[in-house]
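Notes for the one structure printed next.
The values are calculated or read from the model by the stated rules, or taken from the named source; none is laboratory data. Remember, it's a predicted structure, so these values are computed and weren't measured experimentally. A quick note on method: Cβ atoms are made from the backbone with ideal geometry, for glycine too, and the neighbour counts reach across all protein chains shown. The protein model used for the area step is the full one, side chains on, heavy atoms only, and it has no ligands, DNA or RNA in it. Shrake-Rupley method; radii C 1.70, N 1.55, O 1.52, S 1.80 Å.
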Amino acid sequence: MTDRVQAHVYVSGRVQGVFYRSETRSTADKLGIDGWVCNLPDGRVEAVFEGKKTTVEAMLNWCHQGSPAAQVNEVTVDYTQPQGISGFQVRT
C-alpha cells in the first residue's frame, strides 16, 4: 500500500441538495477510489479519498466542478496517511 495516498477534503459552496455526494460516489467508483463522503451541518461536504496518487488527484480536480447543479466556492485538502479503506460510501 506504499503507493497509496489519502486526501481529506472539505468542499464549500452550493454543494448540498444538488446530488454532490451521489456524483462523488459515481466518480470515485469510476476512478477506483476508496473512501467516503458526507454532508456537514454547516453546509459543506466532507470527503476522504484513498488510492493511487494520480487517481486521487483526478478526483480532487473533479471536486472543483462537482455535480452539474453544484456551485463550488472552495476545496481544501489535507493529505494524511492511508488507512486501507476499501470501497466508497455515502455517509449520512
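Taking amide H positions as modeled 1.01 Å from N, with prolines and chain starts lacking one, the residues under 5 Å from Phe88 and 5 or more places away or on another chain are Gly35.
Bridges between two residues of the chain, per DSSP, are antiparallel at a rate of about 85%. If you fit an axis through the alpha-carbon atoms of helix 53-63 and take the longest principal axis of the Cα set of the chain, what angle between them do you get, 0 to 90°, nearest 10? Tilt relative to the chain: about 0 degrees. For Thr92 and Glu46, the difference between the fully extended length at 0.36 nm per residue and the C-alpha to C-alpha distance is 15.4 nm. Placing a pseudo-label 7 Å from each Cα along the Cα-to-Cβ vector at Gln83 and Cys38 gives an inter-label distance of 1.0 nm.
Please work out the average accessible area per residue across the chain, using the 1.4 Å probe convention, and give it in Å². Present the calculation step by step, with values, prior to reporting the outcome.
Working: 5220 Å² over 92 residues.
Accessible area per residue, the chain: 57 Å².
Could you state the orientation-averaged shadow area of the convex hull built on the Cα atoms of the chain, in nm² to one decimal? So the Cα hull casts an average projection of 5.2 nm².
Across the range 77-92, coupling constants 3J(HN,Hα) worked out from phi with the 6.51/-1.76/1.60 Karplus curve, θ = phi - 60°, read 9, 10, 8, 10, 5, x, 10, x, 5, 10, x, 9, 9, 9, 8, 10 Hz, and Gly and Pro carry x. Ligands, DNA and RNA left out, the accessible area of the chain computed with a 1.4 Å probe is 46% carbon and sulfur.
Can you tell me the orientation of helix 20-31 relative to the chain, as the angle in degrees between its alpha-carbon axis and the longest Cα principal axis, to the nearest 10? Approximately 30 degrees, to the nearest 10. Each residue of the range 6-16 was assigned a 3J(HN,Hα) from its phi angle through the Karplus curve 6.51 cos²θ - 1.76 cosθ + 1.60 (θ = phi - 60°); the sequence is 10, 10, 9, 10, 10, 10, 10, x, 8, 10, 10 Hz, with glycine and proline shown as x. Near Gln83, no amide H atom lies under 5 Å from its own; only residues 5 or more places off or on other chains count, and H is placed 1.01 Å from N.
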